[in-house]
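K.L.:
Sharing a structure here in structure tokens format.
The values are calculated or read from the model by the stated rules, or taken from the named source; none is laboratory data. All figures in this text were calculated on a predicted structure; none of them were measured in a lab. All Cβ positions, even for glycine, are placed from backbone atoms using ideal geometry, and neighbour counts span all protein chains on display. All accessible areas refer to the heavy atoms of the entire protein, side chains included, with ligands and DNA or RNA removed. Shrake-Rupley method; radii C 1.70, N 1.55, O 1.52, S 1.80 Å.
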Amino acid sequence: MLKSVFIISVFAAGATQAQTVTDGQWHGALSAGGSFANNNSTTQNLNFSADGSKATLQDKVSLYSLANYGSSTVNDVKTRTAQLLRAGGRYDYNLSPDAFAFGGAELETNKPQNINSRYALNAGAGYHVIRSKDTAFDVFAGIGYSGKRFTETVAPAPSSVNGAELLLGEEYSHQLSSTSAFKQRLVIYPGQSDMGLRSTLDMSLATVVANAWTLNLGANINYNSKPGAGFKTTSSLLTVGFGYKY
């Protein structure tokens with residue numbers, strides 16, 4: 001029996017610091033990884049992510065993207081297990097030292113999770129609850145509009161839904177040491193009746209191991225109250241790997 005395994009998983013945790021650098025330069029992280037296993041079945045996974053931000057004392061621009069592809073082959077039958085592509089961005093404008101306004105947009109496709117395409121536009125305001133040298137904690141709220149087309153539907157369920165949704169969230173970061181930082185972000189999107197409720201929780205721990213290279217631990221949990229017939233409401237991803245920050 002032939003068995004070969006190659007695994008590397010990477011999660012973009014960003015710069016290992018709690019506070020946003022306000023020098024007007026781009027800072028962020030790039031990462032790529034994948035896995036391959038061959039036994040009675042063959043599985044493979046490839047992923048890429050990138051994020052960056054440019055901040056001044058007055059405003060901040062943030063961009064991010066994520067791609068994940070996976071497949072499994074059993075008895076010469078290939079099944080696509082992951083096909084995720086997400087990209088988005090947000091603009092923050094400081095109204096005062098503690099308050100800010102924002103506007104954002106996001107695009108996504110994730111066919112194995114029954115999302116053929118999804119877009120979201122939102123705007124709102126937030127407050128810097130904690131803004132110290134080692135710790136940052138923000139809360140924010142807003143309103144937006146989102147549309148989603150399903151990959152599979154069962155009548156009488158609609159093939160697409162769209163409508164207004166609220167946005168409630170918080171994000172926290174803390175510098176654990178000179179080389180390690182923890183980040184966490186929770187966002188809840190209550191939508192109109194057809195939209196349902198969705199939420200995302202992201203956590204990461206990054207430790208510098210050499211120069212700009214980091215050892216990363218990450219966790220992501222997504223919830224969708226109306227995923228479509230036969231699909232689960234909750235999906236999760238745990239990662240361990242390496243990344244590069246700039």
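K.L.:
Given the structure, is residue 92 at pLDDT 85 or above and of a type in the set (D, E, K, R)?
P.N.:
Judged against the criteria, residue 92 is a match.
K.L.:
Do the conditions hold for residue 143, that is, is it open to solvent by 30 Å² or more (accessible area, probe 1.4 Å) and under 22 Å from residue 88 (Cα atoms)?
P.N.:
yes
K.L.:
Determine if the range 193-202 includes at least one residue that is under 24 Å from residue 108 (Cβ atoms), of a type in the set (Gly, Ala, Ser) and within 20 Å of the chain's Cα centre (by Cα).
P.N.:
yes
K.L.:
Go through (1) assigned to a strand (DSSP E or B); (2) in contact (Cβ under 8 Å) with a residue 40 or more places away in the chain; (3) crowded, with 16+ Cβ neighbours inside 10 Å and name the single condition residue 227 misses.
P.N.:
(1)
K.L.:
Starting from residues that are in contact (Cβ under 8 Å) with a residue 24 or more places away in the chain and in a strand (DSSP E or B), keep the ones in the range 183-198 and report whichever is nearest to residue 138 (Cα to Cα).
P.N.:
This residue is 183.
K.L.:
Also, quick follow-up: Applying the selection to the range 199-216, what residues are open to solvent by less than 80 Å² (accessible area, probe 1.4 Å) and either closer than 20 Å to residue 171 by Cα or without any contact (Cβ under 8 Å) to a residue 12 or more places away in the chain (or both)?
P.N.:
199, 200, 201, 202, 203, 204, 205, 206, 207, 210, 216
K.L.:
Among the residues of the range 52-70, write down those that are among the hydroxyl-bearing types (Ser, Thr, Tyr) and buried (at least 16 other Cβ atoms within 10 Å of the Cβ).
P.N.:
53, 62, 64, 65, 69
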